[in-house]
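Asks: Sharing a structure, written as structure tokens. Questions coming.
The values are calculated or read from the model by the stated rules, or taken from the named source; none is laboratory data. Just so it is clear, the structure is predicted and the values come from calculations on it, not from any experiment. All Cβ positions, glycine included, derive from the backbone under ideal geometry; neighbour counts span all protein chains shown.
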Amino acid sequence: MSSFRWGIFGTGAISAKFVAGLTAARDAQASFVASRTQNGAQRFAAGMGIGTALTGYAEAAATGGVDAIYIATPPSMHADHALACIEAGIPVLVEKPFASSALEASRIADAARANGVFAMEAMWTRFLPAAQALREQLANGIIGEVRLVSGSFGSSQRLEAGNGMFDATLAGGALSHLGAYPLSLGQWLFGTPEVVQAIGTIGVSGVDEDAAFQLRYPCGTIGSFVVSLRAWAPDDFRLFGSEGMLSVRGSIVRPHGLELVRQTPLGPDIARFEAKAKLRQHSLVHQIAQRLNKSNRPSATRRAHRYAGNGYHYEADEVRACVERGAIESNIMPLAESVAVAATADVIREAIHAQAPSRSDSQ
């Protein structure tokens, strides 16, 4: 196979990022873009230098002529569009979340297996060098027994017409658009959680605009995550172990390195009365430490794990490698994990909607 040809479903910002990322992929190109409207398809094609603009997704799937299709339509449409492509024998890369529910995710996975057609969720973060290094370091026990994992991802969005994140009919919500990252990373590292607890806020939009959820994984590790469409929150992901902390540098979405803090387990704190110990508790020492912003925290070691291009080509190259060897799923992002993540999201979403009153002030 010489050039790997991609079809693009959807003309949003994420599609533009994916197409831009193909410039760093192994001899890949976007052959067509499809949209529900002719103007949308033509505008995107002209802006991204794509030769063919198609109207209608079913028609595009039937047209074929590509080696895989990247599906970045709203989450509520993922299942229908993926199934149409699979039925046509075309491999698919489905943007996260894989589907709007575990049931729909299972339909995609079952169809891919039944038809022998490749399918994968576009959880592109897993394929980045920093994420791969994070998993490797964790497996090597670099921070001992991992007891806790935390992450946050928040972006203060305006509630405006046309913002699909706030559209319940398109499977919008903080959990769907932002929570997919910590959920997928956590289950990739620790397995499907055995205990799931969640609270959140339902806005006038009808979707979960804020969500906080706690998980307990089979190994005993406890996860604590917050995501929001209405509040800024740090883009972070941290692992806390018996011998230190390991965290990503940069965004949880696009990490470019790791930060390691080593801490030897401590014994009991014993009262000491020698001159040096007394000096440490002197008022003047504490005043100076505060002014200098000194702390007892161990120093951090930072290591770069930079990605090429804009980072999106790693998942594209994984799709090509799998298709070329005849695989119907990826070992890094297997179908069963996408279904399992969707099932966890279902439990969280149900808990939030069951207990959260709507906020009338969310405008």
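Asks: If we keep just the residues of the stretch 1-57 that are without any contact (Cβ under 8 Å) to a residue 60 or more places away in the chain and among the aromatic types (Phe, Trp, Tyr), which is farthest from residue 67 (Cα to Cα)?
Replies: If we take residues in the stretch 1-57 being without any contact (Cβ under 8 Å) to a residue 60 or more places away in the chain and among the aromatic types (Phe, Trp, Tyr), then 44 is farthest from residue 67 (Cα to Cα).
Asks: Name the residues in the stretch 282-333 that are surrounded by 13 or more Cβ atoms within 10 Å (Cβ to Cβ), among the charged types (D, E, K, R) and out of contact with any Gly (no Cβ under 9 Å at 6 or more places or on another chain), would you?
Replies: Hits for the stretch 282-333 are 317, 318, 320, 329.
Asks: Counting only residues that are surrounded by fewer than 14 Cβ atoms within 10 Å (Cβ to Cβ) and touching an Asp or Glu at 6+ places or on another chain (Cβ under 7 Å), how many does the stretch 121-167 have?
Replies: 0
Asks: Find all pairs meeting these conditions: Cβ atoms under 9 angstrom apart; at least six residues apart or on different chains; first residue within the stretch 312-336 and free of Cβ contacts under 8 Å to residues at least 12 places away in the same chain; second residue of a type in the set (Phe, Trp, Tyr).
Replies: As it stands, the answer is 326/118, since those pairs meet every condition given.
Asks: Has the stretch 116-136 got at least one residue that is in a loop (DSSP other than H, G, I, E, B), within 19 Å of the chain's Cα centre (by Cα) and at pLDDT 95 or above?
Replies: yes
Asks: I'd like the residue in the stretch 192-206 that is at pLDDT 95 or above and assigned to a loop (DSSP other than H, G, I, E, B) and, out of all such residues, is farthest from residue 173 (Cα to Cα).
Replies: Across the stretch 192-206, the extreme among qualifying residues is 194.
Asks: Cβ-Cβ below 9 Å, separation at least six or inter-chain, first residue in the stretch 253-273 and in a loop (DSSP other than H, G, I, E, B), second surrounded by fewer than 15 Cβ atoms within 10 Å (Cβ to Cβ) and of a type in the set (A, V, I, L, M): which pairs?
Replies: From residues that are in a loop (DSSP other than H, G, I, E, B), the pairs are 271/277.
Asks: Follow-up. Please name all residue pairs, on different chains or six or more residues apart, with Cβ atoms under 7 Å, provided the first residue is in the stretch 140-163 and is free of Cβ contacts under 8 Å to residues at least 24 places away in the same chain and the second residue is surrounded by 15 or more Cβ atoms within 10 Å (Cβ to Cβ).
Replies: Once the first residue is free of Cβ contacts under 8 Å to residues at least 24 places away in the same chain and sits in the stretch 140-163, its partners that are surrounded by 15 or more Cβ atoms within 10 Å (Cβ to Cβ) give 163/157.
Asks: For the stretch 96-105: of the residues being small (Gly, Ala, Ser) and outside any helix (DSSP H, G or I), which is nearest to residue 126 (Cα to Cα)?
Replies: 99
Asks: Go through (1) farther than 30 Å from residue 210 by Cβ; (2) outside the structural domain of residue 71 (by TED's automatic domain parsing); (3) under 20 Å from the mean Cα position of the chain (by Cα) one by one and return the number of the condition residue 316 breaks.
Replies: (2)
Asks: Looking at residue 308 and the list (1) without any contact (Cβ under 8 Å) to a residue 12 or more places away in the chain; (2) among the hydrophobic types (A, V, I, L, M, F, W, C); (3) closer than 30 Å to residue 22 by Cβ, which single condition is not satisfied?
Replies: Checking residue 308 against (1) without any contact (Cβ under 8 Å) to a residue 12 or more places away in the chain; (2) among the hydrophobic types (A, V, I, L, M, F, W, C); (3) closer than 30 Å to residue 22 by Cβ, the one that fails is (1).
Asks: Name the single residue, out of those in the stretch 230-266 being more than 22 Å from residue 209 (Cα to Cα) and of a type in the set (Gly, Ala, Ser), that is surrounded by the fewest Cβ atoms within 10 Å (Cβ to Cβ).
Replies: 242
Asks: If we scan the stretch 320-335, do we find a residue that is under 22 Å from the mean Cα position of the chain (by Cα), assigned to a loop (DSSP other than H, G, I, E, B), over 30 Å from residue 245 (Cβ atoms) and among the acidic types (Asp, Glu)?
Replies: yes
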